[in-house]
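Have a look at the structure below, then the notes.
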Amino acid sequence: MSLDSTVTAGADSKLPDPARAGFADKLYRLDGGHSLANDESVWTPGENVGRSIAFSSTCWLIERGNQRLLWDTGVPESALNDPKGWSTLPKLIVYHLDKTLTDQLVEIELKPADIAYVAISHTHGDHIGNMALFQNSTVLIQRAEYEWISSPDGADDNVNQLKALARKLMGAPKHLRLLDGDTDVFGDGSVTLISTPGHTPGSQSLLVHLKNSGFIILSGDVVHLEENFERDTVPSLNTDKAASIASMERVRRMISTYNAKFFINHDKAETDKLKLIPAFYD
Ligand SMILES: [Zn+2]
């Protein structure tokens, strides 16, 4: 069954009908840190060996009525202005944080306790660095992702290291909702979590619908760079290459179906051009 038929299918489809989807009110970008990696070829196998590359880490806050959903939580606040930075894989990548999420929320007169939902694209440390701030929020994560970080160690030390860090940063959320695939968060098609596995077993992306801006897809790590998306390039760290390519294809179809804009989390050149809190998309 093609995605297009899924979109227009009946009641069992979790994806919104583009013509009838409800609206979120505001979408804010928060700066979740930035990083420098010493070998771009991890993200572009066979090319750019030994070349350094800068990435953005991006979080997004969605307001819908009096409810708020935060998409990813960025680099830990403890890394703020630390010249040595913070790392998930010390031999490869170092992260820096110039402003905390808490201080960015203050700019629109919010605090972490005001966030009802925290949705996690996946469990790499730069996406879940501040889960401890959101102890009272409902955490939305794919079941496959949660089971993966809880599974026994395998042969790849990098992966084992990332999973151990993920367990530590996730802690034990009080309100954990494990998702099985696409999920319409508010039941009106305004905010939909989209299953895009491959980078990790339970990676997801997010489709948001706004009155003026239309549909926007927040990538998660389904791709890291615009050029990877154009060429179906799969980073060597991804857990499943075939699933990664299928997920990129799925997102491409959704961009077409929903006439959506696509914001790539880690593409720093593109991200730096987007609005930043307190500015917003509506
Ligand atoms: Zn990642």
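The values are calculated or read from the model by the stated rules, or taken from the named source; none is laboratory data. The model shown is predicted, which means the values in this text are computed figures rather than measured ones. Virtual Cβ from ideal backbone geometry, glycine too; neighbours counted across all protein chains shown. Keep in mind that these areas ignore ligands, DNA and RNA; they rest on the heavy atoms of the full protein, side chains included. Shrake-Rupley method; radii C 1.70, N 1.55, O 1.52, S 1.80 Å.
With springs only between Cα atoms under 10 Å apart, run a GNM on the chain and tell me which of Val185, Val223, Val139 wobbles the most.
Answer for the Gaussian network model of the chain: Val185.
Considering the dipole of the chain built from charges on the beta carbon (Lys and Arg +1, Asp and Glu -1) around the Cα centre, which of His124, Gly220, Gly65 is farthest to its positive end?
About the Cα centre, the residue reaching furthest to the positive side is Gly65.
Quantify how much of the Cα-Cα distance distribution of the stretch 36-105 extends past 13 Å, in percent. Mind dumping the intermediate values first?
On the way: 1712 of 2415 pairs.
Pairs farther apart than 13 Å: 71 percent.
Counting only helical runs of four or more DSSP H residues, what would the 222 nm mean residue ellipticity of the chain come to if each run contributes -39,500 (n - 2.57) and the total is spread over all its residues?
-6000 deg cm²/dmol
List the equivalent ellipsoid semi-axes of the stretch 125-282 in whole Å, largest first, each obtained as the square root of 5λ for an eigenvalue λ of the Cα gyration tensor. Working shown, then result.
Values: eigenvalues 125, 82, 48 Å².
Value: 25, 20, 15 Å, ordered largest first.
Rounded if a/c is under 1.5, else prolate if a/b beats b/c, else oblate: with a ≥ b ≥ c from the C-alpha gyration tensor eigenvalues square-rooted, which is the stretch 195-241? Intermediate results must be reported in sequence, preceding the final value.
Working: a/c = 3.99, a/b = 1.76, b/c = 2.27.
Here the stretch 195-241 falls in the oblate category.
Spelling out what I want: for every residue of the stretch 107-124, take phi, set θ = phi - 60°, compute 6.51 cos²θ - 1.76 cosθ + 1.60 (Karplus), and round to whole Hz; glycine and proline get x.
Couplings: 4, 10, 6, 10, 10, x, 5, 7, 8, 6, 10, 10, 9, 10, 5, 5, 9, 5 Hz.
The stretch 113-175: Rg/Rh from Cα coordinates, Kirkwood Rh?
On the way: Rg = 11.9 Å, Rh = 12.1 Å.
Dividing the radius of gyration by the Kirkwood radius yields 0.98.
Out of all DSSP beta bridges in the chain, what portion is antiparallel? Express it as a percent rounded to 5.
Values: 33 of 49 bridges.
In the chain, approximately 65 percent of DSSP beta bridges are antiparallel ones.
What accessible area per residue, rounded to a whole number of Å², is obtained for the stretch 58-196 using a probe radius of 1.4 Å? Can you show the working numbers first?
Working: 5780 Å² over 139 residues.
On a per-residue basis, 42 Å².
Given the options Asn38, Asn130, Asn265, state which has the largest fluctuation in a GNM of the chain using a 10 Å cut-off (strictly under) for Cα springs.
Asn38
Treating the beta-carbon of each Lys and Arg as +1 and of each Asp and Glu as -1, no other charges, what is the dipole magnitude of the chain about its Cα centre, to the nearest 20 debye? Walk me through the intermediate numbers first.
Values: 27 positive and 38 negative charges, 76 e Å.
Taking the Cα centre of the chain as origin, the dipole is about 360 debye.
Which of the trypsin sites (Lys or Arg not before Pro) across the stretch 78-129 are loop residues per DSSP, with 13 or fewer other Cβ within 10 Å?
Details: sites: Lys84, Lys91, Lys99; in loops: Lys84, Lys91, Lys99.
Those that pass, being in a loop and sparsely packed, are Lys84, Lys91.
Among Thr239, Asn265, Ala54, whose Cα sits farthest toward the positive end of the charge dipole of the chain (+1 at Cβ of Lys/Arg, -1 at Cβ of Asp/Glu, about the Cα centre)?
Highest projection toward the positive end goes to Asn265.
Pairs of Cα atoms under 8 Å, at least six residues apart: use those to get the relative contact order of the chain, whole percent.
Working: 652 pairs, mean separation 61.1, N = 282.
Normalised by residue count, the contact order of the chain is 22 percent.
Given contacts defined as C-alpha pairs under 8 Å and at least six residues apart, what's the relative contact order of the stretch 1-153, whole-number percent? Mind showing how you got there, number by number?
Numbers: 270 pairs, mean separation 30.5, N = 153.
The value is 20 percent.
Give, in whole angstrom and from largest to smallest, the semi-axes √(5λ) of the equivalent ellipsoid of the chain, with λ running over the eigenvalues of the Cα gyration tensor.
Those come to 26, 23, 19 Å.
Dipole of the stretch 199-254, Cα-centred, from +1 at each Lys and Arg C-beta and -1 at each Asp and Glu C-beta, to the nearest 20 debye? List each step's numbers first, then the result.
Details: 6 positive and 7 negative charges, 52 e Å.
For this selection, approximately 260 debye.
Hey, how many Å between the Cα centroid of the stretch 185-249 and the Cα centroid of the stretch 9-60?
Taking the Cα centre of the stretch 9-60 as reference, the centre of the stretch 185-249 is 7 Å away.
Classify the stretch 9-60 as rounded, prolate or oblate from the Cα gyration tensor: take a ≥ b ≥ c as the square roots of its eigenvalues, call it rounded if a/c is under 1.5, otherwise prolate when a/b beats b/c and oblate if not.
Numbers: a/c = 5.45, a/b = 2.02, b/c = 2.69.
Oblate shape, in that a/c is at least 1.5 and b/c is the bigger or equal ratio.
Using the Kirkwood radius over C-alpha pairs as Rh, can you work out the diffusion coefficient of the stretch 1-141 via Stokes-Einstein at 4 °C, viscosity 1.567 mPa s, in µm² per second?
Values: Rh = 17.1 Å.
The calculation lands on 76 µm²/s.
From the phi angles alone, apply the Karplus equation (6.51, -1.76, 1.60; θ = phi - 60°) to the stretch 172-189 and give each ³J(HN,Hα) in whole Hz, x where the residue is Gly or Pro.
Once θ is set to phi - 60°, the couplings for the stretch 172-189 become 10, x, 5, 10, 10, 10, 8, 9, 10, x, 4, 9, 8, 4, 9, x, 10, x Hz.
Scattering from the C-alpha atoms of the stretch 208-282 alone, worked out with Debye: what is log10 I(q)/I(0) at q = 0.17, 0.19, 0.24 1/Å?
-0.69, -0.83, -1.17
Name the most mobile residue of Gly32, Gly65, Gly181, meaning the one with the largest mean-square fluctuation, in a Gaussian network model of the chain with Cα contacts below 10 Å.
In this elastic network of the chain, the residue with the biggest mean-square fluctuation among Gly32, Gly65, Gly181 is Gly65.
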